[in-house]
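Below is one structure, written out as structure tokens, with a few remarks after it.
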Amino acid sequence: METPRLFGAKYSVYVRIAQLVLAEKKVGYELVPIDIFAEDGAPDWYATLHPFGKIPSFQHGALTLFETSAITRYVDEAFEGTPLQPDEPVARAVMNQIIGLLDAYAYPSLVWDVFVERCERSPSNEERIAAALPRARLVLGTLSRLKREGPWMLGNQLTLADLHAGPMLEYFKRAPEGAALLQEVPLLEKWWARLKHRESFRSLSS
Ligand SMILES: N[C@@H](CCC(=O)N[C@@H](CS)C(=O)NCC(=O)O)C(=O)O
């Protein structure tokens with residue numbers, strides 16, 4: 001089978017999630033650069049891979065995929081290596097719930113409303129940031145409540161939930177408001193400190 005290809009840019013939260021999963025599974029892949037925010041946008045041919053024009057998309061043999069959750073689940077299931085999804089149905093359901101809440105509630109508030117607005121825009125829209133903080137606090141509190149005892153979100157097994165949350169928290173923490181909110185949730189702060197030292201994370205940061 002050919003080497004998988006991941007289309008996207010390293011700055012993207014979602015591309016990083018896919019890269020982390022590929023790294024944890026020790027799957028070699030080619031990163032094909034697609035800069036969605038380039039002045040001219042993505043090249044026209046990219047619409048055949050992602051009808052909604054976002055990154056990442058993924059190709060493996062005859063299979064093409066978009067939507068990060070579909071990509072990460074496929075990589076976990078199609079390749080050998082340590083499984084990143086619990087077998088047990090309740091733990092698996094909680095993992096899927098966490099991934100769903102990250103997409104629906106964490107990405108817009110933590111990444112766009114707080115990180116992008118504080119760190120990438122000048123001047124920042126203070127109202128937008130202030131309005132997002134209660135939602136961000138609710139996201140962190142909910143993650144902390146759902147987290148099971150043990151090093152990772154689901155307990156002793158590192159799962160797709162950890163790897164989905166990591167890049168979002170990484171950006172959020174770069175905003176002073178984000179760092180301060182994370183400090184209010186010690187369980188998550190400790191989890192983050194563990195995650196950022198994993199080889200997969202460090203290999204993407206360098
Ligand atoms: N639901 C998509 C979201 C992907 C997404 O939002 N990617 C961002 C980069 S992190 C993007 O392509 N943004 C470009 C845009 O919104 O125009 C997934 O899970 O892959």
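The values are calculated or read from the model by the stated rules, or taken from the named source; none is laboratory data. Keep in mind that what you see is a predicted model, and the values were worked out from it rather than measured. Every residue, glycine among them, receives a Cβ derived from its backbone with ideal geometry; neighbour counts consider all protein chains shown. In case anyone asks, the SASA skips ligands and DNA or RNA and just uses the protein heavy atoms, side chains included. Shrake-Rupley method; radii C 1.70, N 1.55, O 1.52, S 1.80 Å.
The residue pairs whose first member lies in the range 140-166 and is under 14 Å from residue 190 (Cα atoms) and in the same structural domain as residue 93 (by TED's automatic domain parsing), whose second member is in a helix (DSSP H, G or I) and of a type in the set (Asp, Glu), and whose beta carbons are closer than 6 Å, counting only pairs six or more residues apart or on different chains, are 152/162; 153/162.
In the range 1-60, counting only strands (runs of 3 or more DSSP E) that sit wholly within it, the ones holding 2 or more residues that are more than 12 Å from the ligand (Cβ to nearest atom) and surrounded by fewer than 20 Cβ atoms within 10 Å (Cβ to Cβ) span 30-33. Screening the range 61-78 for residues that are within 13 Å of the ligand (Cβ to nearest atom) and in contact with a strand residue (DSSP E or B) (Cβ under 8 Å, 6 or more places away or on another chain) and picking the one that is least open to solvent (accessible area, probe 1.4 Å) gives 71. Any chance the range 79-92 includes a residue that's out of contact with any Phe, Trp or Tyr (no Cβ under 9 Å at 6 or more places or on another chain) and polar (S, T, N, Q)? Yes, some residue in the range 79-92 is out of contact with any Phe, Trp or Tyr (no Cβ under 9 Å at 6 or more places or on another chain) and polar (S, T, N, Q).
Are there any pairs, at least 6 apart or on different chains, whose C-beta atoms fall under 6 Å, with the first in the range 174-198 and of a type in the set (Val, Ile, Thr) and the second at pLDDT 95 or above, and if so, which? Final answer for the pair search is 185/140; 185/144.
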